[in-house]
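The values are calculated or read from the model by the stated rules, or taken from the named source; none is laboratory data. What you are looking at is a predicted structure, and each value in this text was computed from that prediction instead of being measured. Ideal geometry is used to build each Cβ from the backbone, glycine not excepted, and the neighbour counts take in all protein chains shown. Surface areas here come from the heavy atoms of the whole protein model, side chains and all, with no ligands, DNA or RNA. Shrake-Rupley method; radii C 1.70, N 1.55, O 1.52, S 1.80 Å.
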Amino acid sequence: MEKISPIGVFDSGYGGLSILKEIVQVLPGYDYLYLGDNARTPYGTRSFDIVYHYTSEAVRRLFALGCPLVILACNTASAKALRTIQQTDLPRIDVKKRVLGVIRPSVEALASYSRNRHVGILATRGTVASESYSLEIAKLYGSGEFYITQKACPMWVPLVENNELAGAGAEYFVKKYIDELFQSDPLIDTVVLGCTHYPLLRELIHRYVPQGVNVIEQGHIVADSLKDYLNRHTDMEAALSKQQTIRYLTTEQPDLFASMAGMFMGKKVEAEHTSI
């Protein structure tokens, strides 16, 4: 049997499935292995050290399962753990393996979306506190090029993970956080959904975002960025197996994960339990 060398996709829970879905649509020929650390979610309220520790464990697990490339499909993990994993862990583990995040591709896309350079970031408390978007924007475009306003939305992930997408609570909290964002800067013309759960609230988000404002969802941006990365890194592309399989792992109950994953993926999935 041919050895499987899938693209690993990691998230603290379910949100990264919105990234995986878009990646599979753009790059359908590859094998994929999704790992959700549902037993220890959420990551958004945890410290830098804890997020790094948990994320590093998950990345090592995916490497052990044959993934030469891992996507951190989680803004919190990308914000709090990616740089340390890339600079400290990979040289010790295997210099040929790679770990990529979701923040950099999202920031690279801003120039083509924002006309007046006033950008709003909707994210978890952990991502907002990390200032990762502001730092990455300054690094890429220069300090002062964009006017950034961030807003933590602590109730949005629980609403998604409890499948409360259409209730009065979802409408209240979506409107509340968006109103507060635009009260801070009415000139915002582009909003980044800086958490992979948030696309499931897109209908409400578009209802309350002012007309004419661009809303950036990360899935297709990350997928296009990964396609470009593989085109430029032919050794990595050649190392990936191409049997068009998708395997789902969770650190929690597989049946519960499978039911929620089906909502994200738009189809029935089967999941397995794993420890990391």
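Points to keep in mind about this one:
- Output for region 105-133, where each listed residue is over 17 Å from the mean Cα position of the chain (by Cα), of a type outside the set (Ser, Thr, Tyr) and surrounded by fewer than 17 Cβ atoms within 10 Å (Cβ to Cβ): Ala111, Arg115, Asn116
- Test result for Arg117, at pLDDT 95 or above, of a type outside the set (Asp, Glu) and at positive phi: yes
- Residue within region 25-36 that is within 17 Å of Gly262 (Cα to Cα), surrounded by 24 or more Cβ atoms within 10 Å (Cβ to Cβ), out of contact with any Lys or Arg (no Cβ under 8 Å at 6 or more places or on another chain) and modelled with pLDDT of 95 or more present: yes
- Of all residues in region 170-205, those that are touching a strand residue (DSSP E or B) at 6+ places or on another chain (Cβ under 8 Å) and open to solvent by 40 Å² or more (accessible area, probe 1.4 Å) total 4.
- Residues (closer than 21 Å to Ser114 by Cα, open to solvent by 70 Å² or more (accessible area, probe 1.4 Å) and not polar (S, T, N, Q)) located in region 134-169: Leu135, Lys139, Gly144, Glu145, Tyr147
- Residue pairs meeting the criteria (Cβ under 7 Å; at least 6 apart or on separate chains; first on the phi < 0 side of the Ramachandran plot and free of Cβ contacts under 8 Å to residues at least 12 places away in the same chain, in region 233-262; second in a loop (DSSP other than H, G, I, E, B) and open to solvent by less than 60 Å² (accessible area, probe 1.4 Å)): Gly262/Val269
- Scanning region 50-73 for residues that are open to solvent by 10 Å² or more (accessible area, probe 1.4 Å) and either at pLDDT below 95 or within 16 Å of Thr250 (Cβ to Cβ) (or both) yields Tyr54, Glu57, Arg61, Leu65.
- Residue match in region 80-87 (condition: farther than 22 Å from Gly13 by Cα, free of Cβ contacts under 8 Å to residues at least 12 places away in the same chain, part of a helix (DSSP H, G or I) and not hydroxyl-bearing (Ser, Thr, Tyr)): yes
- Selection status of Thr45, buried (at least 16 other Cβ atoms within 10 Å of the Cβ) and in a loop (DSSP other than H, G, I, E, B): no
- Taken over region 220-249, residues that are touching a helix residue (DSSP H, G or I) at 6+ places or on another chain (Cβ under 7 Å), among the small types (Gly, Ala, Ser) and open to solvent by 10 Å² or more (accessible area, probe 1.4 Å) amount to 1.
Rundown of residues vs (1) in contact with an Asp or Glu (Cβ under 8 Å, 6 or more places away or on another chain); (2) farther than 19 Å from Lys21 by Cβ; (3) not in a helix (DSSP H, G or I), yes/no style:
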{"site": "Glu171", "(1), (2), (3)": "no, yes, no"}
{"site": "Leu187", "(1), (2), (3)": "no, yes, yes"}
{"site": "Thr196", "(1), (2), (3)": "yes, no, yes"}
{"site": "Leu201", "(1), (2), (3)": "no, no, no"}
{"site": "Glu237", "(1), (2), (3)": "no, yes, no"}
{"site": "Ser241", "(1), (2), (3)": "yes, yes, yes"}
{"site": "Leu249", "(1), (2), (3)": "yes, no, yes"}
{"site": "Val269", "(1), (2), (3)": "no, no, yes"}
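- Residue count, region 138-171 (criterion: more than 20 Å from Pro186 (Cα to Cα) and either modelled with pLDDT of 95 or more or of a type outside the set (S, T, N, Q) (or both)): 21
- Checked against the criteria, Ser132 counts as modelled with pLDDT under 95, within 22 Å of His220 (Cα to Cα) and not hydrophobic (A, V, I, L, M, F, W, C).
- Here region 172-214 is the region considered, the condition is being touching a Cys at 6+ places or on another chain (Cβ under 8 Å) and among the hydroxyl-bearing types (Ser, Thr, Tyr), and the residue that is modelled with the highest pLDDT is Tyr177.
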